[in-house]
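First up is the structure itself, then whatever we jot down about it.
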Amino acid sequence: MFDVTLIVLCAGNSSRFEHKTKKQWLRIKDEPLWLNVTKRLKTFSSFDKVIVASSEKELNYMKNFTDDFIFVKGGDTRQQSILNCLEFVKTKYVMISDVARACIPRSVIESLLTEKQNADCIVPILNVTDTVIYENQTINRDNVKLIQTPQLSNTQILKTALNTKIEFTDESSAIKNINGTIKYVQGSIDSKKLTLGNELDDLPCLKEPSNNFFTGTGFDIHAFEENKEMYLGGIKLPYDYGFKAHSDGDVLIHSVIDALLGACGAGDIGEFFPDTDEKYKGIDSKILLEEIVTFVNNVGYEIVNIDLTIIAQKPKINPFKNDIKNSMAKLLGLEKQFINIKATTAEKLGFIGRAEGVAVQSIATLKYYNWKQK
Ligand SMILES: Nc1ccn([C@@H]2O[C@H](COP(=O)(O)OP(=O)(O)OP(=O)(O)O)[C@@H](O)[C@H]2O)c(=O)n1
Ligand SMILES: C[C@](O)(CO)[C@H](O)COP(=O)(O)O
């Protein structure tokens, strides 16, 4: 039985990172950073369990990548994410790391584990080699230390320490606050935290993303409904009938959403926007597509192109093709040339041929956001 649980905190917003892709989702070859970092840390020791804190919107998607870890919904703050994960920790000790410290060396983990019985919290630190001023005064830099992660804590003491309204930026500060004991070990420059977008070159252990392309198909079909506004591709068409649906019925946008989710392996539209949820009743499908485009970018992809086939006996699509293309280009953040729209009738066959509704088939191509070339 192992007495340490590993927690990797991956539930942050990357708000200071300033890239479309969140730092935890940058691709290292074909692996998201969070998976790469967690797998790497796991090889450095034997842990009872490995817990990954994920933001709510990405939790199900993360689960698609592996069955080896426990995924826990993070909180609004780093501290709350830790508290959520601690609920699942049964061991005497817990090692907690930021996903943003991607290149932590084995030696740091070994030092932490060697010292685990010698204090309530074992913390890697770095000395400062630059001159330091505090409130305009030069201070003795030997008294200044930079605190890194992972930190190894006694689980019960950490739980007690975090059971407070005070917001701490790391575990050692919380444990110190209840007069717990702290032991410092040598940290590493390789454990630098990725915080700002221009710090990517400071993490030499990370390989660039693969050049793979990903395709996904989407298909949606909606029956007509009288006396309803008709929306197709985010524009309103001038008819007195629209589409029967829980949302505004924009069958084209729904098909594209499924193609995008398919290409990044994230399920389908119903998993993101259940049609049993009142929140989505009558909703403008443009809002749904915007949310999906943000998700696709956040989790590491760029959209390359979209190709669509609208199957409709009525209405006539050709007069609106250009408007639909412009609308979709804007929503997808693509140049118009990367969107193709084809329209066909059903040769009067079946329910589309009887002009009872419309189907849209689409295909999307994605590639990884290449953070090395930005
Ligand atoms: N609610 C939060 C906030 C942060 N973290 C994690 O805590 C670590 C340190 O946070 P930071 O580097 O600041 O990441 P972000 O919070 O994502 O960045 P920012 O503050 O720029 O939004 C990261 O691994 C981050 O994913 C977390 O799990 N839950
Ligand atoms: C925990 C930490 O990495 C120690 O240096 C740091 O405090 C995290 O700060 P952030 O503002 O959440 O990045």
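Values for this structure:
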| read-out | value |
| --- | --- |
| Cysteines, the chain, no other Cys beta-carbon under 4.7 Å | Cys10, Cys85, Cys121, Cys264 |
| For the chain, accessible area per residue (1.4 Å probe, heavy atoms of protein chains only), Å² | 49 |
| Zone of Lys92's modelled label, taken as backbone nitrogen in region 34-64 under 15 Å from a point 7 Å along Cα→Cβ | 48 |
| Candidates per chymotrypsin sites (Phe, Trp or Tyr not before Pro) in region 101-205, loop by DSSP, up to 15 other Cβ within 10 Å | none |
| Projected label distance in nm at Thr345 and Thr66, using a 7 Å step from Cα toward the beta-carbon | 5.6 |
| Relative contact order of the chain, defined on C-alpha pairs under 8 angstrom at six or more residues apart (%) | 17 |
| Accessible surface, 1.4 Å probe, highest first, among residues Thr344, Thr309, Thr129 | Thr129, Thr344, Thr309 |
| Distance (nanometres) between label positions extended 7 Å along Cα→Cβ at Val128 and Phe2 | 3.6 |
| Distance between modelled label sites at Lys228 and Thr215, nm, 7 Å Cα→Cβ extension | 3.2 |
| Largest-first ordering by accessible area, 1.4 Å probe, given options Glu271, Glu110 | Glu271, Glu110 |
| Cα pair distances in region 33-165, grouped into 10 Å bins until the bin that holds the longest one, percent each | 11, 37, 33, 15, 4, 0 |
| Share of carbon and sulfur in the accessible heavy-atom surface of region 213-368 [1.4 Å probe, %] | 50 |
| Rounded FRET efficiency, nearest 0.05, which uses the C-beta distance separating Lys330 from Ser188 and R0 of 30 Å | 0.05 |
| Glu229 accessible area, 1.4 Å probe, all protein chains in place, Å² to nearest 10 | 90 |
| Estimated FRET transfer efficiency (Arg354, Lys316; beta-carbon r; R0 22 Å; 0.05) | 0.85 |
| Surface share of carbon and sulfur [accessible, 1.4 angstrom probe, percent] for region 74-175 | 46 |
| All aspartates and glutamates inside 17 Å of Lys159 as judged from Cα atoms, apart from same-chain residues fewer than 8 positions distant | Asp3, Glu87, Asp120, Glu167, Asp170, Glu171 |
| Cα-based Rg of the chain normalised by 2.2 N^0.38 Å, two decimals | 1.22 |
| Out-of-range pairs (alpha-carbon distance over 24 Å; input Lys39/Lys207; Lys22/Lys336; Lys22/Lys165) | Lys22/Lys336; Lys22/Lys165 |
| Once the Cα gyration tensor of region 313-355 is diagonalised, semi-axes √(5λ) in Å | 26, 9, 8 |
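The values are calculated or read from the model by the stated rules, or taken from the named source; none is laboratory data. No experiment lies behind these values; they were computed from the predicted model shown. Reconstructed Cβ throughout: ideal geometry from the backbone, glycine too, with neighbour counts over all protein chains shown. Side chains are part of the model used for accessible areas, which takes the heavy atoms of the whole protein and leaves out ligands, DNA and RNA. Shrake-Rupley method; radii C 1.70, N 1.55, O 1.52, S 1.80 Å.
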